[in-house]
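Have a look at the structure below, then the notes.
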2 protein chains.
Amino acid sequence: MKNTQTKKVGIIGSGNWGSTIGKIVGLNVQKLEDFETTVRMWVLEENIGEEKLSEIINSRHENVKYLPGIPLPDNLVAETEITKCADADYLIFVLPHQFLQSVLQKMKPTVKSTAIGISLIKGIDFADDSGIKLLTDTVEQNLGIPCGVLMGANLADEVSKEMFCEATLAFKDIHIAEDLKRIFKTDYFCISCITDQVTAELCGALKNIVAVGSGVINGLNLGNNTKAAVIRIGFMEMKNFIFQFFNDRNPNVDTFLESCGMADLITTCYGGRNTKIGHHLATTEKSVRELEKELLNGQSAQGPLTAAEVYKMLETHELLDKYPLLVAIHNICQRKLPPNKFIEYLKNHPLHE
Amino acid sequence: MKNTQTKKVGIIGSGNWGSTIGKIVGLNVQKLEDFETTVRMWVLEENIGEEKLSEIINSRHENVKYLPGIPLPDNLVAETEITKCADADYLIFVLPHQFLQSVLQKMKPTVKSTAIGISLIKGIDFADDSGIKLLTDTVEQNLGIPCGVLMGANLADEVSKEMFCEATLAFKDIHIAEDLKRIFKTDYFCISCITDQVTAELCGALKNIVAVGSGVINGLNLGNNTKAAVIRIGFMEMKNFIFQFFNDRNPNVDTFLESCGMADLITTCYGGRNTKIGHHLATTEKSVRELEKELLNGQSAQGPLTAAEVYKMLETHELLDKYPLLVAIHNICQRKLPPNKFIEYLKNHPLHE
């Protein structure tokens, strides 16, 4: 018998990561006395042949489009009406970041003042003038609720197959993180809780830039030492960037050793879409846009977008010379720097002075 | 014209890493006013067909056995008499660690009291009862000279081909590190100087244990997330181990972000002999010894040896439960744990409590 004061979970998004998390959360809440069993997952409706995706999920309990072959729990209910997901106590944001703003607007009237958000989106928002803006800040400002993040080395396909991994749950209030951990944690999905959500979130965005660089190294056949150097130099520039621009939010160096830090960076640099773009930037003369069309079915890679915003911030603050790797990757993405000149940019790096 | 007060460099060892470093140092001292141009490199003599290895190196300027195809500078002189290398001002130790003790004994009478050692050996020494002993401590105790380390993500073959990489030069006295940096640094071999030599040295040894684990994951086909988790959990156990047993020597968390830390760990976990042993531990039923014979031409992999010493220390201090990954890898190497149970050991890890 469940308690009457049960907490409701809503999942905003139903791609491969959203559906994977839906599976985990759906199964977990079945066993948690203080959570409502039904978990609503917002689906942007689309037709799959003659049928609707939401109806397929609710009848066959499988997201045939974005997570085929993985059985979803019956209590995970696809919902096309965003307001019906938005009245939950815990709101899990797991949608492409470019849709976040408009979705927040639609959700707003229904969101409880006591709700708590958690973002699984690896990306950044762009402020008008000032460069990078955290997506959790966008959620907090639009909905007036606190919002943390769940980040880590979590390729959705592998998590959906229950292959062992780790994740980092970051929330300013550690008690909220510990409570939330119960709905995410499984014996194959291991979670550490931290309070430094700013670093966790930024690592999830900035690593995509480094991954493009790692792909360039692959494309140039430059070997293991060079790749490790690019990953590490990238990591140090990520760290310096975070301490430079977000120092007032108390970043903690230990966060870089969490799954959201080094582990996610490693996974992303040894696979994934940004590495692929980097590889082909080095082996073809095509633009990022053309490569996205060819290789990613037209979807955007986050790395080049994030690199452009980072570049803008560094330029505004006259710090380009302190971040040779991030700058070089941006210039390679813009086709302003030939990829085979990438390494030249890393020689005489401030780290080696 | 060189100064009369020039410093002499001796290289103790001439394997692939020794010869690679010999090339770098030989070329660098040619341009340094305060260093003697001749660099002596100790060679354990062996016959190559009808010829002697030392004579080949000195006539053809190539180490045809351990670094074939790479031209060595003329001023790098192979020397079979250890005492003729031992009177240098800077002594670079780059030999298999099992030979270190006996070589030090032979060198001792000729070593200057003002000499400075630098170890490039990635391994550990074993104290009689107390487990791990640093090789630099062995050098310092035997020769009565200070000894630092040069560590990093430096596969010798790639460095010898002048592919871009980084390394960490760690010396308690930063001025010695800065001076030494001049003989190692090139535009493709970039060096950061730090004072935390204990962490730098231990990372170089402990990473080999984690690499065996990474190889097991490869052999089990467990995917990118799992591999990243194993690397990170291993990294955290390395860190905790160093802070646990070497805390009185002031380890610094920042060192883990240097090339000797995360970069070397990554390179080692994505290639190299320990990964190979791990892979075959997972896919065969052979012992480590048998695999070393088959795969490494009879040479020892460092990972299993180091794991055994680490295990002994953890057992003595009743800390086995705090280091599930290091313990599991030792047990897999000993064939006491089936490799497919590795992941079970990582569930409920103290990091995720």
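With Cα atoms as the point set, region A:149-248 shows a radius of gyration and Dmax of 15.8, 47 Å.
Divide the volume of the convex hull around the Cα atoms of region B:1-136 by the residue count and you get 115 Å³ per residue. For B:N348, the label point sits 7 Å beyond Cα toward Cβ; its separations from the matching points on the remaining copies run 5.7 nm, from shortest to longest. Close amide H pairs (under 5 Å, H built 1.01 Å from N) link A:F35 with A:K7, residues at least 5 positions away or on another chain. Helical content alone sets the calculated 222 nm signal of chain B at -13500 deg cm²/dmol, taking -39,500 (n - 2.57) per DSSP H segment of four or more residues and averaging over every residue. What the phi angles of region A:136-141 give under the Karplus curve with 6.51, -1.76 and 1.60, with θ = phi - 60°, is a coupling list of 5, 5, 4, 5, 4, 6 Hz, glycine and proline written as x. Phi-derived couplings, Karplus 6.51 cos²θ - 1.76 cosθ + 1.60 at θ = phi - 60°, listed residue by residue for region B:252-269: 10, 4, 4, 4, 5, 8, 7, 4, 5, x, 4, 5, 5, 4, 4, 4, 5, 7 Hz, with x used for Gly and Pro.
Of the solvent-accessible surface of region A:221-348, computed with a 1.4 Å probe and all protein chains present, 43% belongs to carbon and sulfur.
Longest stretch of chain B clear of exposed loop sites (trypsin sites (Lys or Arg not before Pro), DSSP loop, at most 11 other Cβ atoms within 10 Å, sites excluded): B:32-335.
Among the GluC sites (Glu not before Pro) within region A:293-351, which fall in a DSSP loop and have no more than 12 other Cβ atoms within 10 Å of their own Cβ? Numbers along the way, then the final one.
Working: sites: A:E294, A:E309, A:E315, A:E318, A:E344; in loops: A:E318.
Those satisfying the criteria are A:E318.
Using a Gaussian network model of chain B in which every pair of alpha carbons under 10 angstrom is joined by a spring, one finds that among B:I183, B:I82, B:I343 the greatest mean-square fluctuation is at B:I343.
Partner shielding of A:267-275 amounts to 2, given as the average count of beta-carbon atoms from other chains within 10 Å of each residue beta-carbon. Projecting the Cα atoms of B:G18, B:L206, B:Q244 onto the dipole axis of chain B, where Lys and Arg carry +1 and Asp and Glu carry -1 at the beta carbon, places B:L206 farthest toward the positive end.
Which log10 I(q)/I(0) values does the protein assembly as shown give at q = 0.06, 0.11 Å⁻¹ under the Debye formula, counting every alpha carbon as one identical point scatterer? Ignoring solvent entirely, the Cα scatterers give -0.38, -1.15. Which log10 I(q)/I(0) values does chain A give at q = 0.08, 0.14 Å⁻¹ under the Debye formula, counting every alpha carbon as one identical point scatterer? Debye intensities relative to I(0), on a log10 scale: -0.39, -1.15.
Once A and B are treated as a pair rather than alone, how much accessible area drops out, both sides summed, in Å² to 100, probe 1.4 Å? Answer for the A-B pair: about 4000 Å² buried.
The residues neighbouring B:D87, those whose beta-carbon lies less than 15 Å from its own, together hold a net charge of +3 under the Lys/Arg +1, Asp/Glu -1 convention. Considering every alpha-carbon pair of region A:245-299, the percent of pairs per 10 Å bin, from zero through the bin containing the longest distance, is 21, 32, 25, 21, 1. Mind checking which lysines have their Cα closer than 18 Å to the Cα of B:K336? Skip sequence neighbours fewer than 8 apart in that chain. Leaving aside lysines fewer than 8 places away in the same chain, those within reach of B:K336 are B:K286, B:K312. Between the beta carbons of A:E45 and B:K133, assuming R0 = 51 Å, the FRET efficiency works out to 0.20 to the nearest 0.05. Backbone geometry of region A:22-35 corresponds, through the Karplus equation with coefficients 6.51, -1.76 and 1.60 at θ = phi - 60°, to 3J(HN,Hα) couplings of x, 4, 4, 5, x, 5, 5, 5, 4, 9, 9, 4, 9, 10 Hz, x marking Gly and Pro.
Summarised as an ellipsoid, region A:198-289 has semi-axes of 25, 13, 11 Å, derived from the eigenvalues of the Cα gyration tensor scaled by 5 and square-rooted, with the largest first. Straight-line reach from B:K52: taking Cα to Cα under 22 Å and skipping same-chain neighbours fewer than 8 places apart, the lysines in range are B:K23, B:K65, B:K84, B:K106. Close amide H partners of B:L67, meaning residues 5 or more places away or on another chain with modelled amide H under 5 Å apart, do not exist here. Between this copy and the others, label points of A:P71 are 6.7 nm apart in ascending order, each placed 7 angstrom from Cα in the Cβ direction.
GNM on chain B, alpha-carbon springs under 10 angstrom: the most fluctuating residue among B:V230, B:V212, B:V253 is B:V253.
Taking amide hydrogens as placed 1.01 Å from N in the peptide plane, the amide H of B:S119 sits under 5 Å from those of B:F93, B:G148, B:V149, B:L150, each at least 5 positions away in sequence or on another chain. Using a Debye calculation, one point per C-alpha and no hydration shell, please list log10 I(q)/I(0) for region A:74-151 at q = 0.21, 0.27 Å⁻¹ in order. Each listed q corresponds, in turn, to -0.95, -1.46. Among A:I57, A:I209, A:I174, the residue with the largest mean-square fluctuation in a Gaussian network model of chain A, with springs joining Cα atoms closer than 10 Å, is A:I174.
Would you mind telling me the share, in percent, of accessible area of region B:1-134 contributed by carbon and sulfur at probe 1.4 angstrom? Of the solvent-accessible surface of region B:1-134, carbon and sulfur hold 49 percent. Computed over region B:76-202, the P(r) curve from all C-alpha pair distances, binned at 5 Å from the origin, holds 2, 10, 20, 23, 21, 16, 7, 1, 0 percent per bin.
Loop-only GluC sites (Glu not before Pro) in region B:14-82, please: DSSP not H, G, I, E or B, and at most 14 other Cβ atoms within 10 Å. Numbers along the way, then the final one.
Numbers: sites: B:E33, B:E36, B:E45, B:E46, B:E50, B:E51, B:E55, B:E62, B:E79, B:E81; in loops: B:E33, B:E45, B:E46, B:E50, B:E62, B:E81.
Those satisfying the criteria are B:E33, B:E45, B:E46, B:E50, B:E81.
Based on every Cα atom in region A:239-349, Rg and the maximum pairwise Cα distance Dmax equal 15.0, 42 Å.
Just to compare against my own numbers: the Cα pair-distance distribution for region A:127-208, 10 Å bins, whole % per bin, please. The calculated distribution, bin by bin, is 17, 44, 31, 7, 1.
Distances between copies of A:D34, taken at a point 7 Å out from Cα along the Cα→Cβ vector and listed shortest first: 6.6 nm.
The values are calculated or read from the model by the stated rules, or taken from the named source; none is laboratory data. Everything quoted here is computed from the prediction, not taken from an experiment. Glycine also receives a Cβ, built like all others from the backbone with ideal geometry; neighbour counts cover every protein chain displayed. Protein only, heavy atoms only, side chains kept; ligands, DNA and RNA dropped before computing areas. Shrake-Rupley method; radii C 1.70, N 1.55, O 1.52, S 1.80 Å.
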